[in-house]
Structures are given as C-alpha cells and as structure tokens.
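Chemist: Below: one structure in structure tokens.
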Amino acid sequence: MTDNAFDTARGSQPPLRTRRRLRACHECDLVVALPPLRARERADCPRCGHTLSKRHHRPAQRSMALACSALIALMMAVSFPFISFQVGGIGNRIELSETASTMIGFHQPLVAIAVALTIIVLPAVYLCGMIWLQYGLLKRQPLPFSRGIARSLSHLHPWMMADVFIIGALVSLIKVAGMAQIEFGMAFWAFCAFAILLLYTTQSVDSDWMWFSLAGEPLAPRGVRTGETAAPQKVTGCPTCGLINRLTAEGHGQCRRCGERLHARLPHSLQRTWALLAASVVMYVPANLYPIMTTTTMGHTSESTIIGGVVELWQMGDWPVATVIFVASVIVPVGKILALSWLCLMINRSDELSNATRTVLYRITEFIGRWSMIDVFVVAMLVALIRAGALMSITPGPAALAFGAVVVLTMLAAMTFDPRLIWDDPQSKHADTAEPDAPGTAR
C-alpha cells in the first residue's frame, strides 16, 4: 500500500484554516484536512494512527462484483447439503440453515436466532443493500433510500460472523472426526467462498468516495481549525460518513449529510460500559458452571462445561483444537472484560505515550470480541449434525445461551466505550478551548 507522504512536525506551523475535506478522528478527535488520494493510498490520523480514508481503484465496480459473487455463493450454501456424517451404519446430513433451526427444537430459540442472524440473515441484508447502493452509483443516479441504506449498513459489519462460523465448523468437525466419517457437501465449500468474498466486500467499501457520490461534500462549519481537538470547537465528525458538523451548546446535533445523530462524546459512555461489563461478568458465571452440551455415546451420557471440554480435548491429544477453544472461550472474553475495565479506570490519567498505547489496546479489544462466538457455533454445528439416537447424539446445555450473552454484552461494551475520552485532558475536559495540536496531516 502506498501512503500519501506529507507530514508536518508537531507545532511547527499554525493550524490550517480550510473548510474543505476536514475530518475529526473518531478515536482521538483531532481535526485534520484530507489530502488528495489516489488508488491504493490512505490517510491516517497523525496523532493516533487511525485510518481516516482509504481510496480504492474503481470502488463501485469492485464492491458490486464482490457483493454479487458473495450473494451467489451464499445462495448456493443454503441450497445444497452442507455436511454429512456416518457412524455404525447410521448417518445424518444437514443443510446450513439446520445449524440454527435445530436449536429451536431443544428450546434454545435465542441461540438459534443469533446463529441465523450472524451467518445468513445479516450478511444477506448487507450484500443486497450493497448491490442496491453500488448499482445506483454506477448509473450515477442514486436509487431511493440510498442514504438510509448506506447508514444502516455501516452498523451491520461487526455482527456478520461468517468467518468465525467457518472456524467453529472446522473445530467441531475435528472433534468428531475420530468417532465418525465426515463428508463435506457442496454447500460447505460454497460457504467458505462466501466467507472470503464477504470479507473482501466489506474491505472494498470506499466510504469517503461513496458518501461524496451520494450526497456531495458540504463545507465544514466556519472557524474550524485543523490540528486541534474538535470538541472544544463545538464540532464533531460523523461516525458514519465522516462529515464535520456543528454541535449545539449541549453537545448534540445531527449530520447534515447522512442524518446520523451526533454527540461531542457518547452520552454516559463509561456508565454504559461498566453496566454491560457487569452484566457480562454475571453471565460468565453460569456460562462456566453449567454444561454447554451433553454427549450421548452408546447409551452413556456425559455433560461438558467449557473448561471441561478443553481439558478433555487436551487429554485426547487434540491440543490444537483445545488451544483454539481455550483462547476463544476463556482468554478472549476474560481479557476483553479486564481490558475494558482497565481503560475505564485509567480514563482520567492522560499522557501522550499511554494514550497511544491505550488506543491500540482498545482496537485489539474491539476486534477480537466477535471471535468468542466460536464455541456457540461449535455447539450449533454438533447439535444439528450428531443425531443418531442412543448410538451418538449431542444436545445443547444452558451454558450455550449464557456464553452467547457474554459475547454480545462484551461487544456492546466495546461499542459504547468512547475512545476519544482517552485523549481528553482530565483537567480541561469541559473547557471551551484547548492547546493547539499538530496541524492536520495524513500519510
């Protein structure tokens, strides 16, 4: 990737006074002016390194082609057999949708809804919306409701987990490979292709270009200075389309371009984060105390907790699978709870070095949270596939719902935490003015 090279030493020049293509970093709130970008270039925040804009070659054609391909692969994945197994002359074959629908028969409707939404419904909605948007942009005449769709799609990305489901499916199949004969159907390979294409589709979106094509680029409010924090200037950057908008005296507003509600800082960010973390800790207790699934083999029934399953896999010699489940089900959720708690506790201590380190920790915490769903997907896959009566069968336990709640609550906790609070000066959070920072730069 080629970076646009222009960098100004901190404090070496006065703040720029331009109203064109200004952005306020979503992670540190620094106001910068975007430079012209060519294909495969990006502009990063000079203070925290957050990517403000990425330019792609032929963005509409690229996203349209990837979205259409991913949607075709998804249609194939739900139309053909997914996986089959056979043991002792008894076998079973499932389709992708059965990984969710089977959970309803075991009185786990919330888990079934979560699985269906994250691997089929939300990705399908995202891809259809993307095709709708890019088709209008290719015609150079946006279709109706394009702004609302573009704004909605930006909120769906964290909840699409096709890639996580693939890892969960592989883990579950490795667990039963020694006990039964496993065969992959056409839908399995189609879903693998879908997961890869969906990932490329989300990465291909040029949000800056898309919103410019949909609604132009209104000038920033008068008097906005680059190289300074946005909040003391009573402005903020839209988290959806990036446009800088003027806020009311109370620190609220609405984006002029996409209609998103705006706040100088997310209201009650720390209180909401603490509440969600407390709820996730409460749910994490039954998630580990109760069995996550019950296995019946040759008439013998045994219950497995999350930790118990890890220990059993390790003793059986499946240490790679045991390691994956231990990291996803124990290290990641516990680490995320501890990291967010530490960020909330340290929010009033501010210095330039620790701010950058804490911002990196926040990014890692936000990224890894969704991968804890691996254990839930493993249970959904095994319950749907292993149904051979007293010979071999698996049923879900109450811990599946509790652990799924932990994953959702920790993801919401990361979303409600406002990383801009990390960079606020504890002594002047509510001041009307602030010391000038580096002039708006990008690389």
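The values are calculated or read from the model by the stated rules, or taken from the named source; none is laboratory data. Everything numeric here is computed off the predicted structure, so don't read it as measured data. Reconstructed Cβ throughout: ideal geometry from the backbone, glycine too, with neighbour counts over all protein chains shown. The area values use the complete protein model at the heavy-atom level, side chains included, leaving out ligands, DNA and RNA. Shrake-Rupley method; radii C 1.70, N 1.55, O 1.52, S 1.80 Å.
Chemist: Using only Cα atoms, tell me the angle between helix 399-416 and the longest principal axis of the chain; keep it within 0 to 90° and round to the nearest 10.
Modeler: Orientation of helix 399-416: about 10 degrees from the principal axis.
Chemist: Starting from the amide H of THR236, placed 1.01 Å from N in the peptide plane, find each other amide H under 5 Å away whose residue is 5 or more places distant or on another chain.
Modeler: ASN245, LEU247
Chemist: I'm checking a number: the convex hull volume of the Cα atoms of the chain, normalised per residue, in Å³. What is it?
Modeler: 149
Chemist: What is the helix-to-structure angle for 332-345, meaning the angle in degrees between its Cα long axis and the longest Cα principal axis of the chain, kept from 0 to 90 and rounded to the nearest 10?
Modeler: Once rounded, one gets 30 degrees.
Chemist: Next question, about the same structure. To the nearest 10 square angstrom, what accessible area does ARG58 show with a 1.4 Å probe?
Modeler: Rounded to the nearest 10, the figure is 140 Å².
Chemist: Let me ask something additional. ³J(HN,Hα) across segment 200-209 via Karplus (A = 6.51, B = -1.76, C = 1.60, θ = phi - 60°), whole Hz, x for Gly/Pro?
Modeler: 5, 5, 5, 7, 7, 6, 9, 4, 4, 5
Chemist: Cross-chain or 8 or more residues apart, Cα under 27 Å: how many lysine pairs in the chain fit that? Count them up, please.
Modeler: Total qualifying Lys-Lys pairs in the chain comes to 5.
Chemist: Identify the GluC sites (Glu not before Pro) of segment 286-368 meeting these criteria: DSSP loop state and at most 16 other C-beta atoms within 10 Å of the C-beta.
Modeler: Sparse-neighbourhood loop GluC sites (Glu not before Pro): none present.
Chemist: Report, by chain and number, residues whose modeled amide H sits under 5 Å from the one on GLU228, excluding near sequence neighbours (fewer than 5 apart, same chain).
Modeler: Amide H neighbours of GLU228, under 5 Å, 5+ apart: VAL31, ASP437.
Chemist: Work out from phi, with θ = phi - 60° and the Karplus expression 6.51 cos²θ - 1.76 cosθ + 1.60, the ³J(HN,Hα) of each residue of segment 170-176, listed in order in whole Hz, and give x for Gly and Pro.
Modeler: Working through the residues one at a time gives 5, 4, 5, 6, 5, 5, 9 Hz.
Chemist: Please list, ordered by chain and number, the residues whose modelled amide H lies under 5 Å from the amide H of HIS50; skip anything fewer than 5 residues away on the same chain.
Modeler: CYS45
Chemist: Would you compute, from DSSP H runs of 4+ residues alone, the mean residue ellipticity of the chain at 222 nm, taking -39500 (n - 2.57) per run and dividing by the full residue count, rounded to the nearest 500?
Modeler: Taking each H run of at least 4 residues, the total per residue is -15000 deg cm²/dmol.
Chemist: Same structure again: What ³J(HN,Hα) values, in whole Hz, does the Karplus curve 6.51 cos²θ - 1.76 cosθ + 1.60 give for segment 242-258 when θ = phi - 60°, with x put for Gly and Pro?
Modeler: Working through the residues one at a time gives x, 5, 7, 10, 6, 9, 6, 4, 7, x, 10, x, 9, 5, 6, 9, 10 Hz.
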